[in-house]
Amino acid sequence: MSAKKVNKIAVLTSGGDAPGMNAAIRAVVRTSIYHGLEVFGVARGYSGMIDDDIVPMDSKSVGNIIQRGGTILKTARCMEFFEPAGRKIAYENLSKRGINGIVVIGGDGSFKGAQKFSNEFDIPCIGIPGTIDKDIAGSDFTIGFDTAVNTAVEAIDKIRDTADAHDRLFVVEVMGRDAGYIALHSGIATGAENILIPESKTDMEAMIASLTEKGKRKKLVNLVVVAEGDEYGGGNKVGAILKERLPDADIRVCILGHIQRGGSPSCLDRLIASRMGYHAVECLINGDFNVMVGIEDNKMKLTPLDLAIKAKQNISEEWLKIVKILAS
Ligand code: F6P
C-alpha cells in the first residue's frame with residue numbers, strides 16, 4: 001500500500017440504505033474540509049464510480065441533512081463492481097480526478113467490494129458500518145439499527161392494541177434476511193411471546209404447545225415476531241403453519257417491510273454516524289488503511305476490512321433465555 005499522503009477522498013453509500021447515512025456523509029465531508037482535503041461524493045454506490053457520477057462536495061452541500069433518512073448520495077447494489085472490468089473503469093474515473101482515498105458507508109457486501117478494489121489498485125478504503133441489520137462484527141452499533149428497531153417497536157405496540165381489542169394472535173415479520181437482531185430487540189422490547197430468528201433453531205412444536213396453553217389461559221395478547229430470514233421463511237409461512245395447527249385461534253399476519261429502513265434517524269444513529277464519519281477521515285490521514293471504523297464499549301475500534309467481512313455478530317444466548325422467561 002502506498003505511503004503517499006491522502007489528499008482527495010471519495011465518499012459513497014452502498015447496499016441497503018439506513019437512517020443516519022446522511023449524518024455520516026456530513027461528518028466525512030466536514031472533517032475532510034477541516035483538514036484541508038478535497039472531498040467528492042459518488043452517486044448510487046459503486047455504480048456511480050463506474051458511470052463517472054462523481055461530484056465535488058463542500059460544507060454547504062451537506063447542510064440540513066443530519067435529520068434526514070435515506071441518503072443524499074443515493075445507493076445501489078452494484079453487480080458490475082464485482083467484475084474486474086467494472087473495477088478497472090471505476091479506478092480510472094477516480095484516478096483522473098486524483099482521488100486517493102475512499103470512505104464506503106454500507107454493509108458487509110459493500111466492504112467486500114472495497115476490499116477487492118484496494119487489493120487490486122493502490123487506493124486505501126475505510127468502511128463505516130451502515131446497515132439496519134447490525135450484522136457486522138467489530139462494532140456494537142451499525143448506523144440505522146437503532147432507528148429501525150424503534151420504528152418496529154412503535155409499529156408492534158400499535159399492533160398490540162388491536163390484538164388486545166380482538167383477542168388475536170399476531171405474527172409480525174420484521175426485516176433481517178440473514179440476521180435476527182431487529183427481531184430480537186424489537187420482540188423483547190414489545191413483550192413478544194416468541195421470537196424467530198435465523199441464528200437459532202425454532203422448536204415449532206414447543207411453540208405451538210405453549211401458544212395452545214396460553215390460549216387456554218385466555219392470555220390477552222399473543223405476539224410472535226419473526227425475522228424475514230428465519231428458517232420457516234418469514235411471517236406469511238409461520239402464520240400459515242399456526243393457522244393450520246391452531247384452528248381455534250384468531251390469527252393475523254403483518255409484514256412491516258421497508259418502513260423500517262426509512263424515517264428520521266434517532267439521536268443515537270446521528271451520534272454514531274457523526275463519530276464514525278469523523279474517525280474514517282482521521283484514519284485516512286493517519287495511514288490506518290483498509291479498516292472498518294466501529295465502536296465497542298464506547299471506544300473507537302478499527303477492524304481490518306477482511307475480518308469485518310468474515311466474522312458475524314453472535315446472538316447472545318442470554319437474550320434468548322430472557323425472551324422465554326419474560327413471555328410466560
Ligand atoms: O440489508 C438490509 C435489508 O433491509 C435486509 O434486512 C432486507 O432483507 C434487505 O435489506 C431488503 O433489501 P431490498 O430493499 O433490496 O429488498
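The values are calculated or read from the model by the stated rules, or taken from the named source; none is laboratory data. Since this is a predicted model, take the numbers as computed values, not measurements. Backbone-built Cβ (ideal geometry, glycine too); neighbour counts: all protein chains shown. Only protein heavy atoms, including side chains, enter the accessible area calculation; ligands, DNA and RNA are left aside. Shrake-Rupley method; radii C 1.70, N 1.55, O 1.52, S 1.80 Å.
So what is the calculated 222 nm ellipticity per residue for the chain, using -39500 (n - 2.57) for each DSSP H run with n of 4 or more, over all residues, to the nearest 500 deg cm²/dmol?
After summing the helix terms and dividing by the residues of the chain, the value is -13000 deg cm²/dmol.
Using a simple spin-label model with points 7 Å from Cα along the Cα→Cβ vector, what separation in nm is obtained for Lys237 and Lys301?
Spacing of the two 7 Å Cα→Cβ label points: 3.2 nm.
Counting only heavy atoms of protein chains, what accessible area per residue, in Å², does the chain have with a probe of 1.4 Å?
44 Å²
Can you tell me the orientation of helix 145-166 relative to the chain, as the angle in degrees between its alpha-carbon axis and the longest Cα principal axis, to the nearest 10?
Here the helix axis deviates by roughly 20 degrees.
Of the options Asn194, Ile251, Ile66, report the single residue whose Cα projects farthest towards the positive end of the charge dipole of the chain (beta-carbon charges: Lys, Arg +1; Asp, Glu -1).
Value computed over the given set: Ile66.
Which percent of the accessible heavy-atom area of the range 1-91 goes to carbon and sulfur, probe 1.4 angstrom?
Carbon and sulfur: 53 percent of the exposed surface of the range 1-91.
Order these peptides, 22-31, 68-77, 203-212, 167-176, by their mean beta-carbon neighbour count within 10 angstrom, highest first.
Those peptides, ordered most packed to least, come out 22-31, 167-176, 68-77, 203-212.
Take every Cα pair under 8 Å in the range 1-54 that's 6+ residues apart, average their separations, divide by the length, and report that relative contact order as a whole percent.
It comes to 43 percent, rounded to a whole number.
Check cross-link reach from Lys219 to the aspartates and glutamates: straight Cα distance under 16 Å, and skip same-chain residues fewer than eight apart.
Straight-line reach from Lys219, under 16 Å: Asp161, Asp164, Asp167, Glu193, Asp248, Asp250.
If r is the Cβ-Cβ distance from Ile65 to Ser328 and R0 is 51 Å, what FRET efficiency results, to the nearest 0.05?
About 0.65, to the nearest 0.05.
Pulled fully out, how much extra length does the chain show between Ile89 and Tyr34, if you take 0.36 nm times their separation in residues and subtract their Cα-Cα distance?
Taking Ile89 through Tyr34 to full extension adds about 16.8 nm, to one decimal.
Leaving out ligands, DNA and RNA, and with a 1.4 Å probe, what % of the accessible surface on the range 145-261 is carbon or sulfur?
49 percent
With the crude spin-label approximation of a point 7 Å out along Cα→Cβ, what separation in nm comes out for Asn7 versus Asn119?
Simple spin-label model gives 3.1 nm for this pair.
For the chain, what's the relative contact order in percent, using C-alpha pairs closer than 8 Å and at least 6 residues apart?
In percent, rounded to a whole number, it is 24.
Would you list Tyr232, Tyr181 from the most to the least accessible area, probe 1.4 Å?
Final ranking, largest accessible area leading: Tyr232, Tyr181.
How large is the charge dipole for the range 145-261, taken about the Cα centre, if only the Cβ atoms of Lys, Arg (+1) and Asp, Glu (-1) carry charge, to the nearest 20 debye?
That gives the range 145-261 a dipole magnitude of about 300 debye.
Give the residue from Ala43, Ile102, Ala18 lying farthest towards the positive end of the charge dipole for the range 1-105; charges sit on Cβ (+1 for Lys and Arg, -1 for Asp and Glu) and the dipole is referred to the Cα centre.
Highest projection toward the positive end goes to Ile102.
Separation of the range 249-276 and the range 1-75 by C-alpha centroid, Å?
23 Å
Using only Cα atoms, tell me the angle between helix 317-326 and the longest principal axis of the chain; keep it within 0 to 90° and round to the nearest 10.
That works out to roughly 30 degrees.
Round to the nearest 0.05 the FRET efficiency obtained for Lys96 and Leu320 when R0 = 35 Å and r is the Cβ-Cβ distance.
Calculated value: 0.10.
Between the alpha-carbon centers of the range 292-320 and the range 152-188, tell me the distance in whole angstrom.
If we compute the Cα centre of each part, the gap is 26 Å.
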